[in-house]
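The values are calculated or read from the model by the stated rules, or taken from the named source; none is laboratory data. Just so you know, these numbers come straight off a predicted model, no measurement behind them. Cβ atoms come from the backbone with ideal geometry, glycine included; neighbour counts cover every protein chain shown.
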């Protein structure tokens, strides 16, 4: 996976879509955007209730490094 693809896949949200949506705002009134994001997207602990403070184990880290060509 290329670095740009790795860094632009933010929790399943499309960076290009978000940027276009932000740019389309043509006023200066407060605006709220909601995006459904899965914490830990793309990891073995994605969406797990304890992943906020959890760490992947060595095997999970090695699997992720290999999957992203960083082994």
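Can you tell me which residues in segment 19-40 are surrounded by fewer than 10 Cβ atoms within 10 Å (Cβ to Cβ) and within 30 Å of residue 52 (Cβ to Cβ)?
Looking only at segment 19-40, we keep the residues that are surrounded by fewer than 10 Cβ atoms within 10 Å (Cβ to Cβ), and these are 23-24, 26-34, 36.
Hits for segment 19-40 are 30, 31, 32, 33, 34, 36.
In segment 51-70, which residue that is part of a loop (DSSP other than H, G, I, E, B) and touching a residue at least 60 places away in the same chain (Cβ under 8 Å) is nearest to residue 40 (Cα to Cα)? Step through it out loud before you land on a result.
Keep residues of segment 51-70 that are part of a loop (DSSP other than H, G, I, E, B), which gives 51-57, 68-70.
Of the ones still in play, those that are also touching a residue at least 60 places away in the same chain (Cβ under 8 Å) are 68-69.
Details: 68: 15, 69: 19 Å.
Checking each candidate, the answer is 68.
Determine whether residue 43 is surrounded by 13 or more Cβ atoms within 10 Å (Cβ to Cβ) and out of contact with any strand residue (DSSP E or B) (no Cβ under 7 Å at 6 or more places or on another chain).
yes
Taking the conditions exactly as written (out of contact with any strand residue (DSSP E or B) (no Cβ under 9 Å at 6 or more places or on another chain), surrounded by fewer than 10 Cβ atoms within 10 Å (Cβ to Cβ) and modelled with pLDDT of 80 or more), does residue 65 satisfy them or not? Please lay out each step first, then the result.
Numbers: out of contact with any strand residue (DSSP E or B) (no Cβ under 9 Å at 6 or more places or on another chain): yes; surrounded by fewer than 10 Cβ atoms within 10 Å (Cβ to Cβ): no; modelled with pLDDT of 80 or more: yes.
For residue 65, the condition - out of contact with any strand residue (DSSP E or B) (no Cβ under 9 Å at 6 or more places or on another chain), surrounded by fewer than 10 Cβ atoms within 10 Å (Cβ to Cβ) and modelled with pLDDT of 80 or more - is not met.
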